[in-house]
Amino acid sequence: MTDSTDLVPAGSFCARLIDACTASWDAYTRHPFVAGMADGALPQPAFRYYLQQDYLFLIHFARAYALAVYKADDLEDMRSAAATVSALLDTEMKLHVQYCAGLGMTEAAMAAVPEDPACVAYTRFVLDRGHSGDLLDLYAALAPCVIGYGVIGARLVADPATRRGAGNPYDAWIAMYSGEDYRAVVRKSVAQIDRLAARRGGEARFGSLAATFRLATDLEVGFWQMGLDAAARN
């Protein structure tokens, strides 16, 4: 793994999960959608559709962390998951709605958008892994989103080819996911997965957890592609 080792330390359980699916990880973190945000060439309809579906995705993401509260077996993990639910519902969704309002999209309009099959596939997979497995299975399914956005943000902001400032309509997205607040979220997630792996037999289960992580990463690829496909249809 070559991207953002300060966020995902070499040898950590998450780094090993990434190393077990490098082709999928590269397809996700270096997707044409991401490249289009880096140089500002991403079609606006693709980004708008992505934002609409991401609103629906965040709702299911909050449900997944609520499930993590139930699946946790100690107060520390319960409080951590509960804090994430609160952050998603009370902070991140409000920020998302405010950001979209600047692009002329209302919350009511986003809530009424039909859920894309790519969003259905990804979110229901995550919830299924949580229902059928334990807390570590659930976090392995959640990790590509949480960690991948931080890796993408860090790489883009470090790349001199990335257009920054008012000349790039996606600069605010890049700034958000490369910022220290989000980097702290990523580090916390990486550390938590390491702790869970140590407590819940992660080494003996590495193959199945890597398969979960890989499929969730492939579904992230589909989520990016969803935006490009929507723009191509219109």
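The values are calculated or read from the model by the stated rules, or taken from the named source; none is laboratory data. Every value quoted in this text rests on a predicted model; they were computed, and no experiment measured them. Here the Cβ positions follow ideal geometry from the backbone for every residue, glycine too, while neighbour counts run over all protein chains shown.
Annotations for the structure displayed:
- The set of residues from the range 168-201 being charged (D, E, K, R) and either in a loop (DSSP other than H, G, I, E, B) or within 16 Å of His96 (Cα to Cα) (or both) comprises Asp171, Asp181, Arg200.
One line per residue, one yes/no per condition, for (1) under 14 Å from the mean Cα position of the chain (by Cα); (2) assigned to a loop (DSSP other than H, G, I, E, B); (3) more than 23 Å from Phe206 (Cβ to Cβ); (4) modelled with pLDDT under 95:
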residue	(1), (2), (3), (4)
Ala15	no, no, no, no
Ala46	no, no, yes, no
Leu56	yes, no, yes, no
Ala68	no, no, no, no
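- Cβ-Cβ contacts under 7 Å between residues 6 or more apart (or on different chains), taken from a first residue in the range 5-30 that is closer than 16 Å to Leu142 by Cα to a second residue that is of a type in the set (S, T, N, Q) and not in a loop (DSSP other than H, G, I, E, B), are listed as Cys21/Thr217; Ser24/Thr217; Trp25/Thr217; Tyr28/Thr217.
- Selected residue (only one of Asp171, Asp134, Asp159, Asp194 is surrounded by fewer than 20 Cβ atoms within 10 Å (Cβ to Cβ), within 18 Å of Ser12 (Cβ to Cβ) and either at pLDDT 95 or above or out of contact with any Lys or Arg (no Cβ under 7 Å at 6 or more places or on another chain) (or both)): Asp194
- Filtered residues of the range 125-152 (kept if β-branched (Val, Ile, Thr) and either outside any helix (DSSP H, G or I) or closer than 18 Å to Ala87 by Cβ (or both)): Val126, Val146, Ile147
- The requirement of being touching a residue at least 60 places away in the same chain (Cβ under 8 Å) and either crowded, with 16+ Cβ neighbours inside 10 Å or within 18 Å of the chain's Cα centre (by Cα) (or both) is fulfilled nowhere in the range 89-97; no residue meets it.
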